[in-house]
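K.L.:
Sharing a structure below in structure tokens format, with a few things to ask.
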Amino acid sequence: MDIVGFLKSQFIFHLLICYIFIVSGLIINFIQLFTLILWPINKQLFRRINCRLAYCISSQMVMLLEWWSGTDCTLYTDPENYHKYGKENAIVILNHNFEIDFLCGWNFCERFGVLGSSKVLAKKELSYMPIIGWMWYFLEIVFCKRKWEEDRKTVMQKLLNLRDYPENFWFLIHCEGTRFTEQKHQASMQVAEAKGLPKLKYHLLPRTKGFAVTVQCLRNVVSAVYDSTLNFRNNENPTLLGVLNGKKYHADLYVRRIPLEEIPEDEQECSNWLHRLYQEKHSTYCFKIRQGCVPGGVLPNRNLPSSAYSTTPTTMDAFELAFLGLIAAISLIQAAHQHDQQWIITNVG
């Protein structure tokens, strides 16, 4: 291990990172609290300010992935659609197979200038978590309790409030609802068999209600859905603690732009469309692997023993998320290494 790698693995530096992230994050949360006075006066100014303040927090996490860890994030997409990224509102569908896929999603947002205004559908419990959870509150993030009978009205209202948002935003959503594990995959396949749906080997069945309502509420505001699939080379099993220890990973993100006009308006038809998308997503991904189109020619980490899989997000995940983070002056550091990230624009059709 070189001297830089050795230093990155030392606990004293992790404590320093934690200290700077917590202090700077709480200061930003405090400033956000004072921006509430702007809401009744100028709501759009409130939103623009909070986009910039949120960027000061979330960019630290992206810098941790890019600069501290040195992880390579390679984008594969259609060159004809590349120029539209960051210049339109979009719903981004992300697979949920890895512990750090949310960081790679934020990396995607950062590269196209929408990190500060990016939205997610998050668990209600996260809204109480200092720094990131409180930041999301001021960003008008959509929180839910995962009880659809109670959530539907609240989620719809929150989504409708975004129709006049002054900044371009991406709404990131994990349609599978939870991270892939062997146990959850088995349960998902049982549901697929009971409903007569094709079984997906590398994905869980999508939960369609949240996606259908999102499309319904944001239609004519959002221009497209970005169907995104994340993979890591060489059977890497990335973790948050690995990133914190400076371990370098190699991520490949495959993105396909689908105009929103192609998605049915009817909720049931929209749900059926999402199921077909995951079947197509799955088949296309397997085909690309067989054809050698996936760099490294490897599958997601399906050859690992069950003990190697990440579990359902727990309070420990929230603790690790709060523990990770870096440097208040992060934006300046990010600007200095923008050229380090590899972005490949290629026809993935």
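K.L.:
Of the listed peptides 136-149, 165-178, 92-105, what is their order by residue-averaged count of other C-beta atoms within 10 Å, with the highest listed first? Write down the numbers at each step before the final one.
P.N.:
On the way: 136-149: 16.8, 165-178: 20.1, 92-105: 22.9.
Descending packing order for the listed peptides: 92-105, 165-178, 136-149.
K.L.:
Setting aside same-chain residues fewer than 8 positions from Lys209, which aspartates and glutamates have a Cα under 12 Å from its Cα?
P.N.:
Within the straight-line limit of under 12 Å, Lys209 reaches these aspartates and glutamates: Glu149, Asp151, Glu176, Asp266, Glu267, Glu269.
K.L.:
What is the distance in Å between the Cα centroid of the range 214-251 and that of the range 50-73?
P.N.:
Between the Cα centre of the range 214-251 and that of the range 50-73, the gap is 14 Å.
K.L.:
Moving on. Among Ile57, Pro130, Gln157, flag the residue with its Cα farthest along the positive direction of the charge dipole of the range 1-158, charges on Cβ as +1 for Lys/Arg and -1 for Asp/Glu.
P.N.:
Gln157
K.L.:
Going by the alpha-carbon gyration tensor, a ≥ b ≥ c the square roots of its eigenvalues, is the range 157-245 rounded (a/c under 1.5) or, if a/c is not under 1.5, prolate (a/b greater than b/c) versus oblate? Walk me through the intermediate numbers first.
P.N.:
Values: a/c = 2.59, a/b = 1.31, b/c = 1.98.
Because a/c hits 1.5 or more and a/b fails to exceed b/c, the range 157-245 counts as oblate.
K.L.:
Under Stokes-Einstein, with the Kirkwood radius over Cα pairs standing in for Rh, what whole-number D in µm²/s applies to the range 1-134 at 10 °C and 1.306 mPa s?
P.N.:
After rounding, the answer is 93 µm²/s.
K.L.:
Another one. For the range 73-156, count the residues as N, evaluate 2.2 N^0.38 Å, and divide the Cα radius of gyration by that value, please. Working shown, then result.
P.N.:
Values: Rg = 14.6 Å, N = 84, 2.2 N^0.38 = 11.8 Å.
Cα-based Rg divided by the globular estimate yields 1.23.
K.L.:
Which one, Cys73, Ile37, Asn89, projects farthest toward the positive side of the charge dipole computed for the range 16-95 from Cβ point charges (K/R +1, D/E -1)?
P.N.:
Positive-end residue among those listed: Ile37.
K.L.:
While we're looking at this one, here's another question. What ranking, highest mean first, results for peptides 152-159, 39-46, 68-75 when packing means the other Cβ atoms within 10 Å averaged over each residue? It would help to have the intermediate numbers written out before the result.
P.N.:
Numbers: 152-159: 15.5, 39-46: 12.4, 68-75: 20.2.
Ranking the peptides 152-159, 39-46, 68-75 by packing returns 68-75, 152-159, 39-46.
FYI, it's all coordinate maths here, none of it is from the lab. A quick note: this is a predicted structure, and the numbers were derived from the prediction, not measured. In this analysis, Cβ positions are derived from the backbone assuming ideal geometry, glycine residues included, and neighbour counts consider all displayed protein chains.
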